Structures are given as C-alpha cells and as structure tokens.
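Okay, structure first, notes after.
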Amino acid sequence: MTTSVHQLDDGAWLSVNDARRINVSDLWWLARHDFCDCEMADFLAEGFVEIGVDHPNIEGRIAGQCIECGESGVTDWLTLGRVVDPDAGTFLGVVPDSVHVPERRRRLASPSE
Amino acid sequence: MPSKVEGWKDDVYGMEVRDHLYRFAEEGWSAIPEDEHDAWFERFKWWGLYHQRKGQESYFMMRIGTPNGRMSPEQLRVIGEIADEYARGPVDNPEFGGAYCDWTTRQSVQLHWIQLQDVPEIFDTLEAHDLSTMQACGDSWRNIVGSPVAGRDAKEHIDAWPVIKNLNDTFKGDEEHANLPRKWKVAVTGDTRGSGQAEINDLGFEPATKEIDGEEVAGFNVVVGGGLSRKEPRFARDIDVFVTEQEVPDVAGGLSTLFRDHGDRDDRFNARIKFLVDEWGPQKLRRVLQEDYVDFELRSAGEDLRDQYTYNSGRNDETGDYVGVHEQKDGDYFVGLSVLVGRMGAEDVIELADLAEEYGSEMVGLTQRQNIIVADIAEEDLDDFLDEDLLEYYSPDPHPFLRGSIACTGTEFCSLSIVETKNRMVRYGRWLKDNVALPDGIDDFHVHLSGCTASCAQPQIADISLRGMKTRKDGEPVEAFDIGLGGGLGENPQFADWVEMRVAADEVPGYIRNLLEIYDERSEDDESFREFIARHDEDDLNGLAEPEETSYDDPYMGNTKMTWYPYAEETDMDAAPTPSPADD
Ligand code: HEM
Ligand code: SF4
Ligand SMILES: [Zn+2]
C-alpha cells in the first residue's frame, strides 16, 4: 500500500496511514542546526508545519521554541521516522529526545499518496 | 493546490456527514476503515464531534452550540442528564468526578468521553429539546456569541437576541455557507458592556449609533478578522460600515460568502479571514463586499460606544461580567454564578436546572467567562434563591481569584496541548485565595490559562496571561508557562506583553503573589491593575516580579501529555483502555 502522511488539527500531530504517530509537546534535541545559537537546541515541538516523504523516511518541519534560549521559529527538515514495511504500512517513529540533525531540503515536499 | 482536508470536504461534508455518523454508530468503531480515520474525524467536526487526543482513541468531545449561550432550564437539565449518562470515561477526574459539563469561552457546552454508538440517541434527545451539535466545530458558522441576557439587561443598546436568532436560523444548515475555508466565528454585541467580545471574532457587530436622515438610529458597526490563535493575535478590523438590525443578515451573509470565495484553501495555517484582512486591508475588503456581495449602498461607520464597555475591560469602577445580582428591565433579577474554569458536575447541572425552574426562570445563560446566569428571579424570591446550598460553591459573590479564572481543556483531552490546564487552574485559584492578600483596589482579577498557542482560553486578553510551555528543572523537563501582562478589552483593547518566559508551573503562583505585592506598594490612587501595568513599558515589566516556589504543590509537573489520561492510576500510554471495547 502507498504511505499516506499528513499533519492534522492545526499541526497537532503527524499522521502516518491514519494513525497518530508523533505529537506536539515533545522535546527534541537538535544538533548541527541553525535554529538558534545554542550548541544543542532543546526544542519544544508546538506544531507540524510541513510533512514530506523521502522514501523510506518521513520528514517534517516543526514550529516551536528552544527552551534553552527562547528562540522560536520553524526547524529545517527533520527525520520523523521511517516506513519499514511499505506493504504493511509499518512506521517506526524516531525518539524525540535523542539527537537529531535538521537538514535543508533535498527534494520537494510532496507526500506520495 | 487545495489542502488534503479540502479534498476530504469535497468528497463528503456538511449535513450528509450525519448519515455516515449514524452508520458508524450502528456498525461500531471498527466499521470506520482504518485508512479513512483522519478524513472521517475531520468531517465529524461539522456535527460537533472532535476525536480526543492520542491514548483516548474512539472517544469524542461533543460540543453543543447554544447561540448567545441561552437555554431554558429544561434544556439545561437535558444537557446535564446527557452528561450524566453518556459523558463518563474510564477514569474519574480528581477535581470534578465522573461526569461533568464544560461551559466554554464561546458560550457552548462541551462533553467528553462520548462514544459513537451513543450519538444517535444523544442527537435524538438534543433535537427533541431544540438543541444541536450542528456546526459546533469544523469549517463553517460556529456558535454565535453575544449577551445571554439580551432583552433583559438594563445596560442595553439594542436587544441583539432576535438578531442572533435570525442569523442562527438563516445560516446554520445553509448549504451555501456550510463549507468555508476555516471556522467562522460571529459575535453580535447589543449591550453597552461589550460582552460579545466581538473584537476577537472573525466577524463582529459592535453597538453603534448613526444619524440617518436627521435621525439617530441604533445599529452596529462591522468589524472583521479578529482571532487569537497561534502567535498571530488580531483584533477585528473596522471596515467602516454601519448596519441597522435589518441589514445584519445581508452583510453577514455577504462576508461569509466573500470568505468562502476568497479565503485560502491551500494552506490551513493561512485560512482564517484575519489573514485575508491582513493581505487586503479593510478598504479593499469593504470595496469587494460592496461590489460583489451586497446589493445596497453600505453606509460609513457610526459612533461606537466603546467608552462604556466594562466586560473584561480592566476597569476599576465597574465589572461587567454578569456575576452577582442584577436587576432586569422588567423588575426581575438575573443572578450570575461563578463556575471555576467553567466545569460543572452533571449532578450540579441538573440541580441548578431544577432550581431555576422552581424559581420560575425562563432562561439560563452561559457567558464567555465560563460562568452561568439564572434569569427571571422575582424580587421577593431573591433571598431564598441566594440562600440555596448550590450557590455556596457556584457563588454569585466569589473571591476575585476564583471569579476571574478561565482555563481551556489542555492535556486532559486536547491534542495540541502542552500542559495540564483546568485542574491546575483550580489549584492556582485556591492557593491564591488562601495565601495572597488581595491588594486594595482589586475586586476583579483575570487569570486566563491556555494549554497552547491556539488560545482557547483567550490568554492574551487578561490581567495575567498564561500560555503552556516547557522548561527544565534540575535537568528534567517540566510543564511551564509563558506569562503575559496587561491584556484586556474595553475602550482600548490591548494584547498582553509576554514578559516572563518558561516559568515552571509550580513557580507561577509565587510570581503572581510577588507581582501583586509590587502593585500594592507602587500603584497610584485608584489605579486598576491593568492601568498599573499599562503605565510600565515592556522593559520595566520584564523582571518586575520574580517567579518563586512556594507552599503551592503541583501534581502535574511531569509530562502529562505522555500519559493516556493524566489522572489515571496507571498513566502509561500502553495502559490506555482504548479504543473502547464497548464500541465494537
Ligand atoms: C479535543 C480538543 C480540543 C478541545 C477540547 C478544545 C476546546 C476549545 C474550547 C473550549 C474553546 C472555546 C469554545 C469555542 O470555541 O466554542 C476552543 C476554542 C478554540 N480552539 Fe479549541 N479545542 C480543542 C482542539 C483545538 C484544536 C486542535 C485547535 C486548533 C486547530 C483549537 C483551536 C481553537 C481556537 C483557535 C479557539 C478560539 C480562540 C479564539 O480565536 O478566540 N482547538 N477550543
Ligand atoms: S488552547 Fe490549546 S490546549 Fe487549550 S484547548 Fe485550545 S488547543 Fe487545546
Ligand atoms: Zn537555543
């Protein structure tokens, strides 16, 4: 089956194949980022702004705030998880409070459907 | 490209969603195809059903839209009975018990833990009593707000109830207006208190007068594009139009159609009409309205009555919030009761309905400050009514810290939330009442607590604005708030300045205490708290008072959003008893 991903309810969660996978309100550690001046940003996710698929990865840009320095804005692209078995639609989310490296976009953010 | 939600709405939306709801209710939760959950939950909103957050799958929040917040005692009882029978979850709330109703900041009713299989029965009961959940959520005309005591209140410019009733009957259920780019919130203020809070709605009618053919005519000025959500608060903008009562539907319909045609359907974040007003400016909006959407000549705006506004205005001389005993035009009295954070146990709701009926009341009303009014109490019965036991808790003369507290839904049920809200606000209110001496000059003190930037509790227009955040304490993430000061409506509406960021939730009461001590020392003459804050610029406000730990104890410091339900014995997501087996 094809993978369907989107954000809903004003970016409250990431939906993968109609299951709520990743929520706002988690803290994410960001390294090698230019979101703020902190070496490691302690980033509170407040809303999913854009979601994209770069098979097998699901990626997204998240609005929120670094709770260390207070900078707020939208992150570059973060890997939110991956579809490990596209046929069964199995999704493995990343662990928000491990370290993540945001990246500028490689390709267009058009979810495959 | 239209957003995905627009695609779902193109397939099925509006009235027809009801048939599907009934089908799913019949066949059970598992009949909703798994790969269509998101689409159906989006559509259900049009019928007032909002899927609760992660961990609470198969349970819904149900919103009942009560225009102007008005109900008969009979209708109130029916709502209490429905809550008692159907709005019970797997676990009780430690402050509010097993079944309760929420009175919302838009004068609606919210019930939680509703299951699909019960929806047809609930709808039957509601509709038999002229109540409905139609368009209570979703992308169309939401509950129309205004003064519940319109027609009774002595402080009145125009009785706005017939105007609101007419708008409600005309536009709710009208297919032409059923599928808008986003929510459409309308307020009609007919009183001189400013209680409709039109400033923060998509479309507002504000009381005004205008000289027409040499005669003073009472009517409304039209304001468009208010809203508080995200970090983009806007006051509705004056589009320089005065309307008479009779012209309200044409202009409201014209603007709703304009929004339908011109609102952004590609990007839901940019869809509210406030962004269209940003882009066009009020002049262009007025021009397009005139040219394409109304067929009579629009008049320029009239004289407003803002200098009389008292509702949520931060004035010291008068509190316009309806709490307390007020004489009606007809010589009877209405009594406004304070409902802390707007939540009332189902049994209490039923008891209040019985009381209201017993005392001959024909109307109970919900206010935007999450309180409830009982109208039509005869003068000779007033003392007896005020002596009723129920009014000890739901008081017409509450302590200002309890009277002024508003809180949204928060992590208990809401997906967007960052922090626990209602139970915490109850604890804040009680602690403040027991531990903080009220400075002279404060009879009314507004603390509005919202769990996230969506701002359902209207945090930006309060004396103390609290918006859910996180911080670290000893390295551990804890729930926190950004604190704002100086917001309010009234003659000169003002959004709060955010002055203390990421204050741990258990240090907020200490901050408020310290700030009030400073106000007490430094306020001049009979300066209200809001005036005191307004006299300082943002730099002075930063650090004016210190957050501090106190004897206040906060049981919700950890990440309540990680739980399936914050007050369960076993809070782990994996322990969630959802989806409910009863539904399959
Ligand atoms: C189960 C989840 C939710 C609950 C229980 C909830 C509760 C409420 C309540 C009680 C109100 C005031 C009443 C009313 O509008 O009739 C409200 C208003 C509002 N809600 Fe929610 N809400 C929920 C989810 C959301 C979501 C997901 C969003 C974002 C799309 C949102 C955005 C807002 C906004 C922006 C307002 C009005 C603030 C303003 O502009 O004046 N809410 N909500
Ligand atoms: S303000 Fe945020 S947390 Fe509170 S009810 Fe609204 S969406 Fe939910
Ligand atoms: Zn930072």
### Task
Give me the percent of the accessible area of the range B:161-308 that comes from carbon and sulfur atoms, probe 1.4 Å, all protein chains in place.
40 percent
### Task
Under a cut-off of 17 Å between alpha-carbon atoms, report the lysines in cross-link reach of B:LYS155, not counting same-chain residues fewer than 8 places apart.
B:LYS329
## Note on the structure
Rounded to the nearest 10 Å², the 1.4 Å probe accessible area of A:THR90 is 60 Å²
## Note on the structure
Computed ³J(HN,Hα) along the range B:52-59: with the Karplus parameters 6.51/-1.76/1.60, θ = phi - 60°, integer Hz and x for glycine or proline, the list is 5, 6, 4, x, 10, 4, 6, 9
### Buried solvent-accessible surface, both chains (B, A), 1.4 Å probe, Å² to nearest 100
2700 Å²
## Note on the structure
Over chain B, with neighbouring protein chains present, the accessible area per residue in Å² at probe 1.4 Å is 35 Å²
### Query
So what are the ³J(HN,Hα) numbers for the range B:555-571, from phi and the Karplus equation (6.51, -1.76, 1.60; θ = phi - 60°), rounded to whole Hz, Gly and Pro as x?
x, 10, 6, x, 7, 5, 6, 6, 7, 7, 7, x, 10, 6, 4, 9, 8
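Can you give the relative contact order of the range A:41-97 as a percent, counting alpha carbon pairs under 8 Å and 6+ residues apart?
28 percent
Give me the Kirkwood hydrodynamic radius of chain B, using the inverse of the mean 1/r over all pairs of distinct Cα atoms, in Å to one decimal.
24.3 Å
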### Task
Only Cα pairs under 8 Å and at least 6 apart count here; give the relative contact order of chain B as a rounded whole percent.
14 percent
### Query
Ranked by accessible surface with a 1.4 Å probe, highest first, in what order do B:CYS414, A:CYS36 come?
B:CYS414, A:CYS36
### Message
In whole Å, what are the extents of the protein assembly as shown along the principal axes defined by its C-alpha atoms, from largest to smallest?
### Response
72, 58, 51
### Task
Would you work out the relative contact order for chain A, in percent, from Cα pairs under 8 angstrom that are 6 or more residues apart?
27 percent
### Task
Please name the residues of the range B:241-288 whose accessible area, counted over protein heavy atoms with a 1.4 angstrom probe, falls by no less than 50 Å² between the chain alone and the full protein assembly.
B:PHE269
### Query
Considering only protein heavy atoms and a 1.4 Å probe, what is the carbon-and-sulfur percentage of the accessible area of the range B:324-398?
36 percent
### Message
What lysines does B:LYS172 reach when the alpha-carbon gap must be under 25 Å and sequence neighbours fewer than 8 apart in one chain are set aside?
### Response
B:LYS4, B:LYS9, B:LYS45, B:LYS183, B:LYS185, B:LYS274
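Work out the length of the dipole vector of the protein assembly as shown about its Cα centre, built from +1 on the beta-carbon of each Lys and Arg and -1 on the beta-carbon of each Asp and Glu, and round it to the nearest 20 debye.
Dipole magnitude for the protein assembly as shown comes out near 2640 debye.
The values are calculated or read from the model by the stated rules, or taken from the named source; none is laboratory data. Please read these numbers as outputs of a predicted model, since none were measured by experiment. A quick note on method: Cβ atoms are made from the backbone with ideal geometry, for glycine too, and the neighbour counts reach across all protein chains shown. We work out accessible area using only protein heavy atoms, side chains counted, and drop any ligands, DNA or RNA first. Shrake-Rupley method; radii C 1.70, N 1.55, O 1.52, S 1.80 Å.
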